[in-house]
Structures are given as structure tokens and as C-alpha cells.
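Worksheet: one structure, shown below.
The values are calculated or read from the model by the stated rules, or taken from the named source; none is laboratory data. Everything numeric here is computed off the predicted structure, so don't read it as measured data. Here the Cβ positions follow ideal geometry from the backbone for every residue, glycine too, while neighbour counts run over all protein chains shown. In case anyone asks, the SASA skips ligands and DNA or RNA and just uses the protein heavy atoms, side chains included. Shrake-Rupley method; radii C 1.70, N 1.55, O 1.52, S 1.80 Å.
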Amino acid sequence: MKNRWFSVEPAPENGGLKSLVLNNDPASMNWIEGIGTWGVPLDFRFLGMEKRGNTLLSRYQLDTLELEVTHTMEEELLRERFTFRNTGTFDLYFQRGGISLYATFNDSYESADVCIAERCHAHLWCGGENSYVHATKMSPFHTELALILTEGALDAYSVRRIEQKSSNDRGDFLLHPEPFHLLPGATLSLEWIVTAFPRGEFRKALLDHGGSVISFRQETVFLGETFQLEIEQKNLSGEFSAFCNGIPLKSTVENGKIRIEHVPDTLGEHRFDFVSGNRRFHAFGFCSEPFEQLLEKRIDFLLKHQQMIDPASPLYGAFLIYDNEEHAQYFSYRNRDCNANRERTNMSLLLCRYLRTHKNPAAERALDLAEQFFLREIYDTATGAVFDNIGRSTETKRLYNNAGMINFWLELYDLRKEEKYLDWIERSIRLFYENGGCHFYPNGTLFSDCVSRIRAAGRTTTADELQAMVKRHVQKICSTDYRFPPHEVNFEQTIATPAVAIPAAWCALIDNDPEILAETKRLVELLDLFQGDQPDYRLHEIAIRHWDEFWFGKRKLYGDTFPHYLSVLSARAFLLYAACSGDKHYEEKAKRCMRNNLCLFSPDGSASCARLHPFSVTMLNPDGSVKSGPHRGEFYDPWANDQDGALYLILSAGGSTEFCL
């Protein structure tokens, strides 16, 4: 079946759709490829499919629940309708997650060449009767796709993914209707449309198909600030009501848009519910305590709970994972993402930045101990080598560690102005490039900032030599374009962030070369595609990531992690691009991203490394059989691990706590 925008191919063996291809796509990418099949209900028995003109009709059965699905190809869109009927003599009740419909957007990670042409990002929003999925190719493309709910309500989504693909498969999405109750003989319908539209016109597409565009001025506000929301929809003629955590709110209409303001008096999540005519939908905001208070409490927690202070231990001075369930530190020598190096360095980096603007003797002593730990166990000052584990272990070499340690010495130099740190930075940069760093995309350092400090210290010859190395790195990134080399994941946001940040820092700090700036603009447009646009503090301007809870969390579950502090690396890249290009749009995106990660920090100073966002995650074998699960999601992981990088990057961005206000 074919319309103006795309063609679809049915799957007669189970009643769903096996492909959807845009007519104007030279790569003929299948937007709905998955392990499961688009439009098929999970765990129902398939009764058959038939074609009636431009409609495919499929029937399914689950005990006394009958489901009829129609896929109708219209001139501009695909309309899919799901009608549930209770054929029994008793009531049927369905709880959250009780019904699951496959929406198999092709969001997986092969090589960069495959991803940029044949894979998509899926930004899902299950917001009641105003639900949608906004899908874009993984590189800038002239056409986008959306699933827009037109009848019924969606409550959440789950994920089914292949365990053996590790971090390189986001999985199949299952959309869950809101809990419902069917009397004997009663029916309930859910309908969505799938439509294509020119790049950048998603908001228009949502409005054209009866949806509401909900915009926060900031999804995250500080106590004492005001939530400001704006709701746009085609029809404003009916009655409209708004509530926050069940409390009625006043609304006004200005320039055809509904405006709402609310001053929260409690910390934490704030749910906004809306009733427009007979439609009900919602959005989520977050109220944080003032940033300075949050920062002080987090620093106090780190000093009291997360530094090893037993002189008999080789970990003496190291900052470690903290388990908020067991109220205890944790370290693993074998599981390197739980060792005392790698991303745990974020805690020491945060102390460096904090001490630039705060007098705190306890924090100064803690930082001294951390430095002694790194010098004793992790770093070789003579060669610049960075070891992955205590005892100067050479079992694993990881260039990310080199870049992170360069950043630590740079922070200590800026704090203390001792020239030994410049010596160590120089040695580590030389070693980084000797070990193939020119082909690596690290997030630890920008390199150009190191060159600038070394030059300002009067080391002109050294600065010239290092600058030449960094320039080759920048030129390599620009010539590689979107075809990023694989790192710990084949293709992901934190390969794209240094691809933007390193050239942008070069332009901002050393040479604003027009050719490099032009290529950086192309790269920042690709990075931007990872960012969410949903009306929820956990999703808006948060980059798609779907493995961090497994690698950094106690529960060790794969699945979407919204939010996660590594999103703030996108914010840093946006800020650097804004600085060298003058594009303030990216500065605003960065500030929103930074604020929305503050929900990882609790008022008592504790923190979480990530939130597992889906309702549930099921791990599959390559043949589609279940390996484990479903595992319940929607929780903050108990471990404080790497999230302090968010506070460090916020402080780094503006040099003061005022930046993200």
C-alpha cells in the first residue's frame, strides 16, 4: 500500500506491518523494523488478516477479550485503529501495562554508516490523550515521521531488547493504553495515525491532527520560581481546566494560546493535568531547591559518605560509589565501571570547581587525599600514563581515562596555579596522541583549553607543538563528518558530543576557522537529534541513552535512562558552539538540559546515577525468545556513581552557580 509520503508492506503471518519506507528516501530505510511486528498486540492469539480496499483488517483473541485492528492507508497518512471487545459474561479489568501494542521504530545502533542512513531516533511521549512518538533519522534528513494518538489514551511504554547486542540495541517499543474496564459486551477503541512531514514541522503536524503542544518556559524550576506553561491547540472553543497535583489552576488565553502560571511550594515532581473539552492529558515539571543549597548538601554528602578514609586501604583517598539502600560505599576491582577511577573521577572534578568559589577546609583536605590516591594508584607523572585500576593495573587501557585525568590536572592547575600540573598535562596529551588519540572522540577534555593555559603560562614552544596535535585531531573529526568511529557503543550521543565540543572549543579558544565552524554546525545538528522534546523534565532536552543503568547502576538493567548526567555533555557542546557561532538558541537548550538533570540529586544530598524510564524491560535472545523479564522500570537506581559530572559541568559552564538560573 502506498500514499503520497510512504509505502507499507503487510505481515500476513501475524497481522501487522513489516515495513514502512518513505517514497523520497534514497536509502529506502525501513522505519518500523524490529524483532516484533508493528501494530501487533503482545501475547494475543492471531486469528487472521484480510484486505478490504485500502484497509488491512486483523483479528486477535486473548481469553474473552477480542481485538480488531485496522490499518487504513489514506492519501497523507496511515490510520490504525484498535477495537477491544469483551466477549465474556464477566467484567474485564486491565492495570497499567496490561495491554501492549508493538510500535517497532527502528532505533538500534549498528555502524555509523548504517545509523545515519537507515536508523531513527524515537522520542516517545505517553501523556494520556495527548500522546505521540516523534521519529527522526539519526542524521539530518528532509523528512520526519510521527505517530500521533487520535483516540484513547496512552499511559506508558515498555521495551523488549536483545541482550546479546549489549548497548547497541534500544529494542522494540510496546505502547500501553491507560488502565481500563470493560463490561460484558462492551467495546473500547484506541486510534493513532502515522504521518510524515518536512523536517522541523513536528509541532505543526501534532496540531493538525488534533494534538496539543505543551511548552514549559523551564520544566525544572527552583523553589521560589514560577512554572510557566503554554498550551497550543487548534480548537480553543471548549471548556478548559488545569490542575497541579490535583489543585485547580487559573489559565488565560493570549494570542490563541492557553497560558498557566504556578508557584510551587514543595520540592519534587509536579504533575500538571489538563481537561480540554472531553480530552484529558498531562505534563510533568520538577521543583528543585535553590542550586547553591543543593550543591552544598551534595558536597557535604560526598565528604561524609563517599570518600575512603582508611589509611590501610589502597583505596585511601578515593571517592567511591555509594549504595543508598545499604547506606554503604561500594567498590569492585573486576567490574571496572565500579572501580575507583573512570567516571568516579567526577567527584574530584566537582570538588575542584566548587573550591574555586567556596572556602571549605574539609573539602580541601578531601581533594588533597583524592590527588594523593591518583598519584599513588592511577597516574604516572613521569610518562603521563593513566592506569585503569588501583595498583597501577595494566590489564585494560582506556583512552577515556587519559582524557579524564588531563581534565583533573587542568582543574587543579586553575585552582592552585602550580606549574607541575602543566607538566603532567603536557605529558598526558603527548601520550594520548601517541596512542591513537587523533582517531578517538573523548569526553574528558577539550584540549584547546589546555593549550590556552600552557601558552598563557609562557610555554610558547610547548603550546605550539600541542596546538599542532590538537589541530590534526580537529581536522580529523571534521573530515570524518558523521561517520564516527565506534567506541564503547557503536554510535551514540557521547561520541557525537566530542565531535562537536572539540572543534567548537578550537574555534572558541584558538582559531575561529570558518571551515571548521561550518562543519561544527553540521555536527551539532546531528547531536541535536538525540535530544528529547516531550513536556516532561525527565525527557525534554535529555539525550537518548539506553544502557547506563546497566553499566553504572545497582539493578543492572538495560533500557532507556531518562535522565542521565551524560546528557549534560550535550549541553556543554551546545554552549561551546553558541560561543563560537553566536547562536543563542543552543545556549537556551543547554540551560534547560542542565536544569532537568537536577532531579538526580535529593534534598538530603544523596543522588542517583540514572533513572530507568520504561514501564518494564524484557531481555530477549536473538531468536526473539525471552531470556529474562519483564523487569519493572520507572525508578531511580540506588547507586550514586557518576552523576556528579552534571554538577561539575554546570559549574564549568558559567564559572558560577548562577549560570543555570
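Somewhere in segment 238-250, is a residue touching a Gly at 6+ places or on another chain (Cβ under 6 Å) and not in a strand (DSSP E or B)?
yes
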In segment 37-59, the residues that are more than 20 Å from residue 6 (Cβ to Cβ), crowded, with 20+ Cβ neighbours inside 10 Å and either touching a Gly at 6+ places or on another chain (Cβ under 7 Å) or in contact (Cβ under 8 Å) with a residue 60 or more places away in the chain (or both): 41
Qualifying residue in segment 553-571 (condition: touching a Phe, Trp or Tyr at 6+ places or on another chain (Cβ under 7 Å), touching a residue at least 60 places away in the same chain (Cβ under 8 Å), of a type in the set (Phe, Trp, Tyr) and over 30 Å from residue 522 (Cβ atoms)): yes
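Among the hydroxyl-bearing types (Ser, Thr, Tyr) and either open to solvent by 20 Å² or more (accessible area, probe 1.4 Å) or touching a helix residue (DSSP H, G or I) at 6+ places or on another chain (Cβ under 8 Å) (or both), is that true of residue 131? Steps first, answer last, please.
Values: among the hydroxyl-bearing types (Ser, Thr, Tyr): yes; either open to solvent by 20 Å² or more (accessible area, probe 1.4 Å) or touching a helix residue (DSSP H, G or I) at 6+ places or on another chain (Cβ under 8 Å) (or both): no.
No; evaluated as a whole, the condition is false for this residue.
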Pair list, Cβ under 6 Å, 6 or more apart: segment 444-465 residue within 10 Å of residue 429 (Cβ to Cβ), other residue among the small types (Gly, Ala, Ser): 445/403; 451/463; 454/463
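If you check 501, 468, 456, which single one turns out to be of a type in the set (Gly, Ala, Ser) and in contact with a Leu (Cβ under 9 Å, 6 or more places away or on another chain)?
Working: 468 fails: in contact with a Leu (Cβ under 9 Å, 6 or more places away or on another chain); 456 fails: in contact with a Leu (Cβ under 9 Å, 6 or more places away or on another chain).
Unique residue meeting the criteria: 501.
For segment 1-17, name all the residues that are open to solvent by less than 70 Å² (accessible area, probe 1.4 Å), part of a strand (DSSP E or B) and closer than 23 Å to residue 68 by Cβ. Even if it seems obvious, please write down each step before you answer.
Going through segment 1-17, the residues open to solvent by less than 70 Å² (accessible area, probe 1.4 Å) turn out to be 1, 3, 5-8, 10-11, 14-17.
Within this subset, residues satisfying the condition of being part of a strand (DSSP E or B) are 6-8, 10-11, 16-17.
Once the filter is applied, which keeps residues that are open to solvent by less than 70 Å² (accessible area, probe 1.4 Å), part of a strand (DSSP E or B) and closer than 23 Å to residue 68 by Cβ, segment 1-17 yields 8, 10, 11, 16, 17.
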Filtered residues of segment 352-393 (kept if part of a loop (DSSP other than H, G, I, E, B) and either open to solvent by 40 Å² or more (accessible area, probe 1.4 Å) or under 25 Å from residue 446 (Cβ atoms) (or both)): 358, 359, 380, 381, 382, 383, 384, 385, 387, 388, 391, 392
Among residues of segment 259-272, those that are of a type outside the set (Val, Ile, Thr) and surrounded by 17 or more Cβ atoms within 10 Å (Cβ to Cβ), counted: 4
Hits in segment 316-329 - residues which are open to solvent by less than 10 Å² (accessible area, probe 1.4 Å) and either outside any strand (DSSP E or B) or over 13 Å from residue 554 (Cβ atoms) (or both): 317, 318, 319, 320
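Determine whether segment 490-510 contains at least one residue that is modelled with pLDDT of 95 or more, more than 30 Å from residue 545 (Cβ to Cβ) and open to solvent by 60 Å² or more (accessible area, probe 1.4 Å). Talk me through it step by step, then tell me what you get.
Going residue by residue through segment 490-510, those that are modelled with pLDDT of 95 or more are 490-510.
Checking the rest, the ones that are also more than 30 Å from residue 545 (Cβ to Cβ) come to 510.
With open to solvent by 60 Å² or more (accessible area, probe 1.4 Å) added as a condition, the list becomes none.
No: zero hits.
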Breaking point among (1) open to solvent by 20 Å² or more (accessible area, probe 1.4 Å); (2) under 29 Å from the mean Cα position of the chain (by Cα); (3) closer than 29 Å to residue 421 by Cα, for residue 313: (2)
Criterion violated by residue 582 - all others in (1) out of contact with any strand residue (DSSP E or B) (no Cβ under 7 Å at 6 or more places or on another chain); (2) in contact (Cβ under 8 Å) with a residue 12 or more places away in the chain; (3) at positive phi satisfied: (2)
Evaluation of residue 201 against (1) open to solvent by 10 Å² or more (accessible area, probe 1.4 Å); (2) charged (D, E, K, R); (3) within 30 Å of residue 268 (Cα to Cα) (one fails), failing number: (3)
Among (1) closer than 21 Å to residue 599 by Cβ; (2) assigned to a loop (DSSP other than H, G, I, E, B), the one test that residue 300 misses: (2)
Among (1) over 15 Å from the mean Cα position of the chain (by Cα); (2) closer than 25 Å to residue 345 by Cβ; (3) part of a strand (DSSP E or B), the one test that residue 575 misses: (3)
